[in-house]
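A quick write-up on the structure given underneath.
The values are calculated or read from the model by the stated rules, or taken from the named source; none is laboratory data. Note that this is a predicted model, so its numbers are computed, not measured. Here Cβ is always computed from backbone atoms with ideal geometry, including for glycine, and neighbour counts include all displayed protein chains.
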Amino acid sequence: MTKLVTPVLPPGSLSGREQPVLAVENRFVLRPWAKDDVPALVAAYADPDIQYWHFNSMSEAEAEDLIAKWNDAWKNETGAHWALTNLSEDFAIGRISLRAWIEGGFGEVSYWVAPQSRGVGAASCALGTLSEWLLEDLGLHRLGLEHSIHNPASCRVASKAGYELEGTMKSALLHADGWHDMHLHARISQERFAD
C-alpha cells in the first residue's frame with residue numbers, strides 16, 4: 001500500500017533518541033520511570049482518587065512490570081511515561097503519560113499527582129513543560145486529553161497548561177459508578193497551525 005500523505009514524524013523520532021529529562025520551572029523534574037520508583041507507584045495507586053480515576057490498584061510485582069512496559073513504549077514508539085519528582089528529591093510524586101501516533105503527528109496525554117503533592121501546581125506546570133517539548137522539540141502537531149466532567153481538578157490542570165476545551169463526549173467512559181461524560185481538551189502546535 002502506498003501512503004499518500006507524508007508522515008508528520010518519521011519512524012525513529014522517539015526510539016532514535018533518549019527519552020528526555022525535563023526541568024519544570026526550577027521546582028520539578030520529569031524523567032523516565034526507574035525500578036526504584038516501585039514503592040512510590042504502589043503508594044500512589046493506593047490512593048482512592050487515583051484508583052477511581054485510573055481504575056487500578058497495584059502490587060509491587062505489578063508496578064515493576066508496568067514500569068518495564070512504560071519504558072518499552074518509548075523504544076516501540078507507542079508512547080512515553082514520565083515520573084514527576086520534586087527538584088530537591090528524586091521521589092516520584094506524579095506521572096504524565098503520552099500515547100503517541102507519531103506518523104500522524106498527534107498524541108494523547110494523561111496525568112496524576114500523589115495526594116501529598118496536590119494543590120501546588122505540579123501537574124499543570126509539568127503538563128505545560130512536557131507539552132511544549134512534544135510540540136516544539138519533538139514536532140507533534142496535536143495533543144489531546146480527556147477527563148470526566150466530574151473531575152474539575154483535571155479540567156483546571158488542562159486549562160492552565162494551555163489545553164482548550166473542545167467539547168463533551170456523552171457517556172464516553174465507564175467508571176465504577178457508571179458511564180461518565182468526558183471533556184475533550186486539545187493543544188495544537190502554533191507553528192504547524194499557521195501552515
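Of all residues in the stretch 119-148, those that are part of a strand (DSSP E or B) have Cβ atoms under 9 Å from Cβ atoms of residues that are of a type in the set (Lys, Arg), 6 or more apart or on another chain, in ARG142/ARG187; ARG142/ARG192; LEU143/ARG187; GLY144/ARG187; LEU145/ARG187.
Checking each residue in the stretch 63-82 for being acidic (Asp, Glu) and not in a helix (DSSP H, G or I) picks out only GLU77. Select from the stretch 83-103 the residues that are within 19 Å of SER13 (Cβ to Cβ) and part of a loop (DSSP other than H, G, I, E, B) and list them in ascending order. Passing the criteria: ILE102, GLU103.
Remark: pairs (first residue in the stretch 75-91, under 19 Å from TRP133 (Cα atoms); second residue surrounded by fewer than 14 Cβ atoms within 10 Å (Cβ to Cβ); Cβ separation under 7 Å; 6+ apart in sequence or on different chains) = LYS75/SER15; GLU77/PRO11; GLU77/SER15; LEU87/ASN26. Residues that are surrounded by fewer than 18 Cβ atoms within 10 Å (Cβ to Cβ) and in contact with a helix residue (DSSP H, G or I) (Cβ under 9 Å, 6 or more places away or on another chain) were ranked within the stretch 122-140; the one that is nearest to LEU84 (Cα to Cα) is GLU136. For the stretch 40-62, the candidate set comprises residues that are in a loop (DSSP other than H, G, I, E, B) and hydrophobic (A, V, I, L, M, F, W, C); within that set, the residue that is surrounded by the most Cβ atoms within 10 Å (Cβ to Cβ) is MET58. Comparison of PRO32, PRO115, PRO39, PRO48 shows that the only residue that is farther than 24 Å from ARG17 by Cβ and either among the acidic types (Asp, Glu) or at pLDDT 95 or above (or both) is PRO39.
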